[in-house]
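Have a look at the structure below before the remarks.
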Amino acid sequence: MMALAQTRLDQLSARIAGLHFPSTGWQGKARGDALSRLGEVGLPAARDEYWRYTAPAKLTAAEVKADVSKGEVAFDETDALRVVFVDGVFDAAASDDLAMDGLEIVRLADAVTDIHWAAEIYGQLETKGQTPVVRPLATLATAFATDGLLIRVTGKATRPVHVVYIGKSDTSDAILHHCVMLEKGAEMTLLESGDAAARFTSNLEVDVAEEARFHHVRLQGRNADRRVNTHIFARIAEQSTFKSFTASINGTMTRNEAVLDIVGDDAIAHVAGATVGDGRDFHNDDTVFITHAAERCESRQVYKKVLKNGATGVFQGKILVKPGAQKTDGYQISQSLLLDGDSQFLAKPELEIYADDVKCSHGSTSGAIDDTALFYLRSRGVPLRRAQSLLVLAFLAEALSEIEDEALAEDLRLRLEDWLDRHEG
Amino acid sequence: MALEENLSELEVREGVDRETIETVHAMSGKYKHGWETEIEMEFAPKGLNEDIVRLISAKNDEPEWLTEWRLAAYRRWVEMTEPTWAMVDYPEIDYQDIYYYAKPKSMEVKPKSLDEVDPKLLATYAKLGIPLKEQALLAGVEGAEPARPVAVDAVFDSVSVGTTFQAELAKAGVIFCSISEAVREHPELVKKYLGSVVPQSDNFFATLNAAVFSDGSFVYIPEGVKCPMELSTYFRINAENTGQFERTLIVAEKGSYVSYLEGCTAPKRDTNQLHAAVVELVILEDAEIKYSTVQNWFPGDENGKGGIYNFVTKRADCRGDRAKVMWTQVETGSAITWKYPSCILRGNESQGEFYSIAIANNAQQADTGTKMIHLGKNTRSRIVSKGISAGKAQNTYRGQVTMHPKAQNSRNYTQCDSLLIGDQCGAHTVPYIEVKNNSSRVEHEATTSKVDDDQLFYCRSRGMDEEEAVALVVNGFCKEVLQALPMEFAMEAQALVAISLEGSVG
Amino acid sequence: MSRSASKGLWANIMLNIKNLHVKLEDEDKVILRGVDLTVEAGKVHAIMGPNGSGKSTLSYVLSGRDGYEVTDGSAELEGEELLDMDPEERAAAGLFLAFQYPVEIPGVGNMTFLRTALNAQRKARGEEEVSAGDFLKLVREKAASLKIDADMMKRPVNVGFSGGEKKRNEILQMALLEPKMCILDETDSGLDVDAMKLVADGVNALRSEGRGFLVITHYQRLLDHIKPDVVHIMANGRIVLTGGPELALEVEKNGYTDILAGVE
């Protein structure tokens, strides 16, 4: 680990001060705690085992600059409550009215009361997610969030909440921190899209109570030099369902971490992702840590990456089954399709299991497009390019099929197809 | 579904015959090889410093270059720290509280023939279960002929005591001797290849070995020679607080072939013993080495007391085109196993295979696996790992597969299965997969599950007790690896699998 | 018995292979050593021969599979050189190969596959694409006659199909794509009698004046169901014997060894 430079610290602190967050109460305490924790662990360094395949420098650099003009907002066909953030700060004028049946939404900056449900979540799930591996960038986001949403879901939300990130400044360094609490039996779908900023760092803490259902679908769009670092921390209770899907297109550096704690029996946790990237400057890392601490739970990780022209894809996924977490069903697949000779795929799929009556498996493959399938398609008259993109989409299909809502899946599929059409040859 | 149907559908994996079960019954003791031969030992003083390194070198009559080589390693080692990344947990080792040199006193004057070997030593082999057919041969019984010839180089603590079949091997041009003898008789070969696969400062334990290795085996197969028999070394650790640091070097010249068997046992002890060996394989064009290990060193008692700490560096370098190596290991012993036999596939079309059974019972901890480093074009590798955890044991598969940009059109297939017996143990899988070209294909599959209740029930409904049933099912689980072993070893290994799991059920 | 191909007797030549020499691209292994063969529109030609005679290689080379190098000769479809074309161009030109081992493509739905293929070929020929509705009707109609059920159409291409289902799926593609020249590579392999009859009926229904067939088979039994006009015997990379349907019966009766001994 590497100490956080004083200049960066001052810069972040100054920005927070300017945003007038409560310095006392639960939020002030959580931020203060995070700051002192960050002081202890420092920032990730290139030699850290957890950063073996991804150099953290682009995510920890003091200054960033990127063209944020090509921001891609997805799910426009879906009727959703839109909440817009510009360069990481809530934009009331561009957002819908935050009132909706079945849930309450409060802006982080507005949550000033000392007694608030978020006190149990904000920075708390993140703290828990620091063992056994530290995730300093998540701690940084807790300490220095420029904004965020606190969403409490009390019933079945009638439509999805779509958080749209717009980037305006080419040096924007947005840090978001959202908390979602689903009460017993509640349901919601959270969508995220748009190129937020030159660098986008976010925490999403989700507390899923008994029998609740949380769906999360996001698109990280296509600016070539954007940087993204996200963490999801979820606590998943009895008979509840947590599903998260990420489509990641382009970007120079993307690291998405998901830390899922299954604490109640008979729960389900799925995370999946589809990644496409082109060029030597493309680096995409999915890092997942799923802990099974209850019986009869199911977890699935499905990650697919399509890489070309020297692009790099990384997958680190771990299933930890604690003693007593019997009848665990854990599945994990990570696959890459390398479209040319320069691209690379680096994977560390781990199982750590301390209960015997379990069924856990992982698979990982890497290779080129299947020549035989390609020839079969061409022999039926499908032109080479079209045949290739059909096979690439077929490769991504297993991941996309993890999205329950077909319209959302189709939206992302078309965007991936569009990327393939633009990037052929 | 009716139970009847369930049973009829049920397929108990074949793989163990009646014999295994009978063997399990026959070997009722907890650790068969837990005795100590009373042979006078000559020790170097405890602890490690440059003088000890010089002493070891002097005792072996080594040339100046080798003494310097050891000293250089020692100086590096002092600067190094013990690795902590493996999933094994043990009390700190006091490296100054270990004897780095011990040899049987009766060996001070080298025996001219096996007849002169201390009878107690020969009795040791008998107890060890070396009594394949070559025990008689080792004892020098006239007219004793093995059904299938195996040449044995037995290492008793730190010194090689005798080798058989020297004559026949010499006729084929094969050199099979202790490494200390090789240093004297074939210095040019040793100098050329020693440390060329596992460099002097490769890792903490290998560097320690480079400084203090006392003996081990040396094999040289000349160009085009198919070694006329399987070569075998049995390692034992005998004296208390004696580290065993053997070093093995096998060189297969162009177009040659050898199958090498390594068996290890160690008597019961109350204090843990350190073992840090190095094995280097050099494989040139069109040559092939098969290296099989059955390791059943003392695992410690039910509470983890005693037992060997086994930190081994094994590596094969496929230097020539079409070179082939196959590592097969059955790891049932030791308190701590830290071992990753690896393959560097440098030659085009070279091939590496790794077949492993690792069993950890009681308080054992095993962290073992392999590395397949693909450098040449059209290289192939295959990994089949079967891990079994029982009792309170922790068993980790750790592996790395790397396809370098230039390793075009290469393939790797990895199958890595873990079996858990009981809810107090752990099974872990830590693979690293690094693919840096797209004409290569890498496939990795891993599963973890408990021993199948339906299979156990089926066996028991046919009259087996639980322990027999487990032995049977586990042997079935391991079958693919057992089949990769040479015949003589396969039988022993099957029995060993069963013995290792004693007390794991019920 | 005519021992040479009956060139020129037929006005409408569909496939014309001349002196075709082929070796493996990566090895010095010659597989075809001068194949001459002419298939006329409206006719069914059969190629029989022992294993390793080069039959399947011929089908792969004609359809443009990688891994082979043509060292000499030509193969024309209606007077157009096939060997210069990409596989998809050959398909658009009207060549169809029914694979001995139809390829499984996980993730690509059978319907998507068929529609993409059909429209790609139509587009290449300057024809209008078929609408989704029309396509569905067309597929249903063709599928019914081959006893292909809706479930098979929903699944990914050939994934989880039985041997018979795979071969029926090949014939379905043939029926949809309406090629001019059909090559059937060991279509009978792995089929029981009922499945073979179903496939043969499908093929027979497609026989027409404007279409040529080349049926490659090891055994005579398929030819009981798909009656050939001409039978060729292939051995060691060449057509060594050509005759009528009676030649197939002779193979069945006496085996290849006897017949080939008679040739040499």
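Filtering the range C:64-110 down to residues that are more than 26 Å from C:Arg33 (Cα to Cα) and in a strand (DSSP E or B), which residue is farthest from the other protein chains (Cβ to nearest Cβ)?
Looking at residues that are more than 26 Å from C:Arg33 (Cα to Cα) and in a strand (DSSP E or B), I get C:Gly109.
Might you let me know whether the range A:294-309 holds any residue that is at pLDDT below 95, farther than 25 Å from A:Glu126 by Cβ and either more than 10 Å from chain B (Cβ to nearest Cβ) or assigned to a loop (DSSP other than H, G, I, E, B) (or both)?
Yes - at least one qualifying residue is present in the range A:294-309.
Is the range A:108-116 home to any residue that is touching a helix residue (DSSP H, G or I) at 6+ places or on another chain (Cβ under 8 Å), of a type in the set (Asp, Glu) and part of a loop (DSSP other than H, G, I, E, B)?
Within the range A:108-116, one or more residues are touching a helix residue (DSSP H, G or I) at 6+ places or on another chain (Cβ under 8 Å), of a type in the set (Asp, Glu) and part of a loop (DSSP other than H, G, I, E, B).
Which residue out of A:Leu346, A:Leu377 is under 30 Å from C:Leu176 (Cα atoms) and either in a strand (DSSP E or B) or among the hydrophobic types (A, V, I, L, M, F, W, C) (or both)?
Numbers: A:Leu346 fails: under 30 Å from C:Leu176 (Cα atoms).
Among A:Leu346, A:Leu377, only A:Leu377 is under 30 Å from C:Leu176 (Cα atoms) and either in a strand (DSSP E or B) or among the hydrophobic types (A, V, I, L, M, F, W, C) (or both).
Any residue at all in the range A:400-407 that is within 13 Å of chain C (Cβ to nearest Cβ) and either farther than 27 Å from B:His444 by Cα or in contact with a helix residue (DSSP H, G or I) (Cβ under 8 Å, 6 or more places away or on another chain) (or both)?
Yes, there is a match, as at least one residue in the range A:400-407 is within 13 Å of chain C (Cβ to nearest Cβ) and either farther than 27 Å from B:His444 by Cα or in contact with a helix residue (DSSP H, G or I) (Cβ under 8 Å, 6 or more places away or on another chain) (or both).
Name the single residue, out of those in the range A:37-82 being of a type in the set (Lys, Arg) and over 22 Å from A:Gly167 (Cα atoms), that is nearest to the chain's Cα centre (by Cα).
Narrowing the range A:37-82 to residues of a type in the set (Lys, Arg): A:37, A:47, A:52, A:58, A:65, A:70, A:82.
Restricting the remaining residues to those that are over 22 Å from A:Gly167 (Cα atoms) gives A:37, A:47, A:52.
Values: A:Arg37: 23, A:Arg47: 24, A:Arg52: 19 Å.
Among those residues, the one meeting the criterion is A:Arg52.
Somewhere in the range B:285-296, is a residue within 20 Å of B:Lys406 (Cβ to Cβ) and outside the structural domain of B:Lys386 (by TED's automatic domain parsing)?
Taking the range B:285-296 and keeping what is within 20 Å of B:Lys406 (Cβ to Cβ), we get B:285.
Then keep just the ones that are outside the structural domain of B:Lys386 (by TED's automatic domain parsing); that gives B:285.
Checked against the condition, which is being within 20 Å of B:Lys406 (Cβ to Cβ) and outside the structural domain of B:Lys386 (by TED's automatic domain parsing), the range B:285-296 yields at least one hit.
Which is within 21 Å of B:Thr396 (Cα to Cα), crowded, with 24+ Cβ neighbours inside 10 Å and within 12 Å of chain B (Cβ to nearest Cβ), of A:Gly330, A:Gly324, A:Gly363? Explain how you work it out, then say what you get.
Numbers: A:Gly324 fails: crowded, with 24+ Cβ neighbours inside 10 Å; A:Gly363 fails: crowded, with 24+ Cβ neighbours inside 10 Å.
Result of the check over A:Gly330, A:Gly324, A:Gly363: A:Gly330.
Table: residues versus (1) modelled with pLDDT under 90; (2) touching a Gly at 6+ places or on another chain (Cβ under 6 Å); (3) within 19 Å of A:Thr252 (Cβ to Cβ); (4) not basic (Lys, Arg).
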| site | (1), (2), (3), (4) |
| --- | --- |
| A:Ala5 | yes, no, no, yes |
| A:Ile16 | yes, no, no, yes |
| A:Thr24 | yes, no, no, yes |
| A:Gly32 | no, no, no, yes |
| A:Leu38 | no, no, no, yes |
| A:Tyr53 | no, no, yes, yes |
| A:Lys58 | no, no, yes, no |
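Which of the residues belonging to the range A:310-331 are in a strand (DSSP E or B) and either among the aromatic types (Phe, Trp, Tyr) or more than 17 Å from the chain's Cα centre (by Cα) (or both)? Give the steps one after another, and end with the answer.
Filtering the range A:310-331 down to residues in a strand (DSSP E or B) leaves A:312-321, A:329-331.
Of everything in the range A:310-331, those that are in a strand (DSSP E or B) and either among the aromatic types (Phe, Trp, Tyr) or more than 17 Å from the chain's Cα centre (by Cα) (or both) turn out to be A:Thr312, A:Phe315, A:Ile319, A:Leu320, A:Val321, A:Asp329, A:Gly330, A:Tyr331.
Could you list all residues from the range A:376-388 that are buried (at least 20 other Cβ atoms within 10 Å of the Cβ) and either under 29 Å from A:Lys243 (Cβ atoms) or touching a Gly at 6+ places or on another chain (Cβ under 8 Å) (or both)?
Within the range A:376-388, A:Arg378, A:Ser379 qualify.
Would you say C:Gly163 is surrounded by fewer than 21 Cβ atoms within 10 Å (Cβ to Cβ) and not acidic (Asp, Glu)?
Details: surrounded by fewer than 21 Cβ atoms within 10 Å (Cβ to Cβ): yes; not acidic (Asp, Glu): yes.
Answer is yes for this residue.
Criterion first (at negative phi, in a helix (DSSP H, G or I) and surrounded by 16 or more Cβ atoms within 10 Å (Cβ to Cβ)) does A:Gln11 satisfy it?
Here the answer is no, as A:Gln11 does not meet what is asked.
Could you name every one of the strands (runs of 3 or more DSSP E) located completely within the range B:247-337 that has at least 2 residues being closer than 16 Å to B:Ser356 by Cβ? It would help to see each step written out before you state the result.
Working: elements: B:247-252, B:257-265, B:273-275, B:278-283, B:288-296, B:308-318, B:324-331.
Because the criterion is at least 2 residues that are closer than 16 Å to B:Ser356 by Cβ, the strands (runs of 3 or more DSSP E) in the range B:247-337 that meet it are B:257-265, B:288-296, B:308-318, B:324-331.
Please specify each residue of the range C:114-168 satisfying the condition of being touching a residue at least 40 places away in the same chain (Cβ under 8 Å), touching a Leu at 6+ places or on another chain (Cβ under 7 Å) and part of a loop (DSSP other than H, G, I, E, B).
Those that are touching a residue at least 40 places away in the same chain (Cβ under 8 Å), touching a Leu at 6+ places or on another chain (Cβ under 7 Å) and part of a loop (DSSP other than H, G, I, E, B): C:Leu146, C:Lys147.
Cβ-Cβ below 6 Å, separation at least six or inter-chain, first residue in the range B:449-460 and within 13 Å of chain A (Cβ to nearest Cβ), second surrounded by 15 or more Cβ atoms within 10 Å (Cβ to Cβ) and of a type in the set (Val, Ile, Thr): which pairs?
The qualifying pairs are B:Val451/B:Ile421; B:Val451/B:Val473.
Restricting to the range C:143-158, what's the tally of residues that are surrounded by 13 or more Cβ atoms within 10 Å (Cβ to Cβ) and in contact with a Gly (Cβ under 9 Å, 6 or more places away or on another chain)? If you could, list the steps in order and put the result at the bottom.
Residues of the range C:143-158 surrounded by 13 or more Cβ atoms within 10 Å (Cβ to Cβ): C:143, C:145-148, C:152-153, C:155-158.
Restricting the remaining residues to those that are in contact with a Gly (Cβ under 9 Å, 6 or more places away or on another chain) gives C:145-146, C:153, C:155-157.
Count: 6.
When you scan the range C:120-128, do you find a residue that is in contact with a helix residue (DSSP H, G or I) (Cβ under 8 Å, 6 or more places away or on another chain), at the interface with chain A (Cβ under 9 Å from one of its Cβ atoms) and surrounded by fewer than 20 Cβ atoms within 10 Å (Cβ to Cβ), even just one?
Taking every residue of the range C:120-128 in turn, at least one turns out to be in contact with a helix residue (DSSP H, G or I) (Cβ under 8 Å, 6 or more places away or on another chain), at the interface with chain A (Cβ under 9 Å from one of its Cβ atoms) and surrounded by fewer than 20 Cβ atoms within 10 Å (Cβ to Cβ).
Out of the residues in the range C:26-75 that are closer than 21 Å to C:Ala92 by Cα and touching a His at 6+ places or on another chain (Cβ under 9 Å), state the one that is surrounded by the fewest Cβ atoms within 10 Å (Cβ to Cβ).
Per the criteria, the residue is C:Thr38.
Out of the range B:181-205, which residues are within 20 Å of B:Lys314 (Cβ to Cβ) and β-branched (Val, Ile, Thr)?
The answer is B:Val190, B:Val197, B:Val198.
State all residues of the range C:134-166 that are in contact with a strand residue (DSSP E or B) (Cβ under 9 Å, 6 or more places away or on another chain) and within 14 Å of chain A (Cβ to nearest Cβ); if no residue qualifies, say none.
The initial filter retains those residues of the range C:134-166 that are in contact with a strand residue (DSSP E or B) (Cβ under 9 Å, 6 or more places away or on another chain), namely C:153-159.
Matches in the range C:134-166: C:Lys154, C:Arg155, C:Pro156, C:Val157, C:Asn158, C:Val159.
Checking the conditions here, which among A:Leu351, A:Leu337 is out of contact with any Lys or Arg (no Cβ under 6 Å at 6 or more places or on another chain), crowded, with 23+ Cβ neighbours inside 10 Å, within 8 Å of chain B (Cβ to nearest Cβ) and without any contact (Cβ under 8 Å) to a residue 60 or more places away in the chain?
Details: A:Leu337 fails: within 8 Å of chain B (Cβ to nearest Cβ).
Residue meeting the stated conditions: A:Leu351.
Within the range B:453-497, can you find the residues that are surrounded by fewer than 17 Cβ atoms within 10 Å (Cβ to Cβ) and either over 29 Å from the mean Cα position of the chain (by Cα) or among the aromatic types (Phe, Trp, Tyr) (or both)?
The answer is B:Asp453, B:Asp454, B:Phe457, B:Arg460, B:Ser461, B:Arg462, B:Gly463, B:Asp465, B:Glu466.
The values are calculated or read from the model by the stated rules, or taken from the named source; none is laboratory data. Everything numeric here is computed off the predicted structure, so don't read it as measured data. Please note: Cβ atoms are built from the backbone with ideal geometry, for glycine as well, and neighbour counts cover all protein chains shown.
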